[in-house]
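**Q** Starting off with a structure, shown below.
The values are calculated or read from the model by the stated rules, or taken from the named source; none is laboratory data. None of the values given here were measured: they were computed from a predicted structure. No Cβ is skipped: glycine too gets one built from the backbone with ideal geometry, and neighbour counts run over all protein chains shown.
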């Protein structure tokens, strides 16, 4: 039914009333109420609407599809639910603890095996990163497959390829590093000899050094609340590192034992300390808690240390949050060093 009996309601000259509203007025009212203010753009005869409130693109975490109708977009939001806005970034978490080295070191010498008799047990500093089934390379000895390990550091190995000119006895202090299966060597034809290069500078003298501390007699050291050098009365777990700018691998296995009065909240701190310059060896501090009365536990400290001066004395230091409730066991504590370069 047209207004004012006019057959063209979009162009009627009659005024709009609530009882009789023209079609163009109805469309305009519906558009403004449903969408709000619309910006129209005409390009080459095509009119494009820009909707308010970013309805063209939708919510930040719930975007509208490029060809998705507005009604279909609303229906999808009702069916799937609305993903909330991304909140502000949270505070950084606490820093994780230092990881373990992937390598270890032999602490007892062994006879070089052969392919005819390939099995050998090698005593190393215990490292849980050395796993059964892994291939390892022992410096100057060769490549082995790890058959089994135990929690004392003994590796049960089978030789798969010996190193060239491997000696009959492999001494302590050799690096043990994870490796792949040794590849086959292929010798190609000899190339043309190149020109003689200039003589390089003389390299500094270097001698391999290593040392091992183990007490055969001694009195357990009772930990105090202030850091101090561990002292077993008959001896102290310390080493003199003689090289200037020498790179050393420092490794110790320290046995601690709970005494009367200890509680789970007591915390034990152990580290290396440079007595020569009165400074902590960075990256060496270890912390133990939840130790019970008469319980024994082993702590391994393994780190690299570069001597800033010659003749540096490095000692094991320790402390606890409550004095005289834990001790370092003298006869089950070791400390050794190997100069790497």
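**Q** Exactly one of these conditions fails for residue 324: (1) assigned to a loop (DSSP other than H, G, I, E, B); (2) modelled with pLDDT of 95 or more; (3) crowded, with 16+ Cβ neighbours inside 10 Å. Give me its number.
**A** Every condition holds for residue 324 apart from (3).
**Q** Of the residues that sit in the stretch 1-42 and are in contact with a helix residue (DSSP H, G or I) (Cβ under 6 Å, 6 or more places away or on another chain) and part of a helix (DSSP H, G or I), which one is modelled with the highest pLDDT?
**A** Per the stated criteria, the residue is 23.
**Q** Let me ask something else about it. Report, by residue number, each residue of the stretch 276-294 that is in contact with a strand residue (DSSP E or B) (Cβ under 9 Å, 6 or more places away or on another chain), without any contact (Cβ under 8 Å) to a residue 60 or more places away in the chain, within 21 Å of residue 314 (Cβ to Cβ) and exposed (fewer than 15 other Cβ atoms within 10 Å of the Cβ).
**A** Matches in the stretch 276-294: 277, 279, 280, 282, 287.
**Q** Output yes when any residue across the stretch 126-137 is surrounded by 14 or more Cβ atoms within 10 Å (Cβ to Cβ), under 12 Å from residue 112 (Cα atoms) and out of contact with any helix residue (DSSP H, G or I) (no Cβ under 7 Å at 6 or more places or on another chain), and no when none is.
**A** Checking the stretch 126-137: not a single residue is surrounded by 14 or more Cβ atoms within 10 Å (Cβ to Cβ), under 12 Å from residue 112 (Cα atoms) and out of contact with any helix residue (DSSP H, G or I) (no Cβ under 7 Å at 6 or more places or on another chain).
**Q** Then there is this: Inspect the stretch 106-114 for any residue being modelled with pLDDT under 85, surrounded by 10 or more Cβ atoms within 10 Å (Cβ to Cβ) and within 32 Å of the chain's Cα centre (by Cα) and give the result as yes or no.
**A** no
**Q** Right, residue 209: within 22 Å of residue 109 (Cβ to Cβ) and modelled with pLDDT under 90 or not?
**A** Against the criterion (within 22 Å of residue 109 (Cβ to Cβ) and modelled with pLDDT under 90), residue 209 qualifies.
**Q** Then there's this: Quick check: is even one residue across the stretch 306-319 closer than 14 Å to residue 257 by Cβ and exposed (fewer than 13 other Cβ atoms within 10 Å of the Cβ)? It would help to see each step written out before you state the result.
**A** As a first pass, look at the stretch 306-319 and keep what is closer than 14 Å to residue 257 by Cβ: 318.
Narrowing further to those that are exposed (fewer than 13 other Cβ atoms within 10 Å of the Cβ): none.
Within the stretch 306-319, not a single residue is closer than 14 Å to residue 257 by Cβ and exposed (fewer than 13 other Cβ atoms within 10 Å of the Cβ).
**Q** While we're here: From (1) loosely packed, with under 11 Cβ neighbours inside 10 Å; (2) free of Cβ contacts under 8 Å to residues at least 24 places away in the same chain; (3) at negative phi, pick out the condition that doesn't hold for residue 216.
**A** (2)
**Q** So, one more: Which ones in the stretch 309-321 are part of a strand (DSSP E or B) and farther than 18 Å from residue 268 by Cβ?
**A** Passing the criteria: 312, 313, 314.
**Q** Look through 244, 223 and report the one residue that is at pLDDT below 95 and farther than 21 Å from residue 129 by Cβ.
**A** Checking each option against the conditions leaves just 244.
**Q** State whether one or more residues within the stretch 161-177 are in contact with a helix residue (DSSP H, G or I) (Cβ under 9 Å, 6 or more places away or on another chain) and surrounded by 12 or more Cβ atoms within 10 Å (Cβ to Cβ).
**A** no
**Q** Further question on the same structure: Give the residue that is surrounded by the most Cβ atoms within 10 Å (Cβ to Cβ), with candidates limited to residues of the stretch 48-72 that are in contact with a strand residue (DSSP E or B) (Cβ under 7 Å, 6 or more places away or on another chain) and more than 20 Å from residue 33 (Cβ to Cβ).
**A** For the stretch 48-72, the residue satisfying everything is 64.
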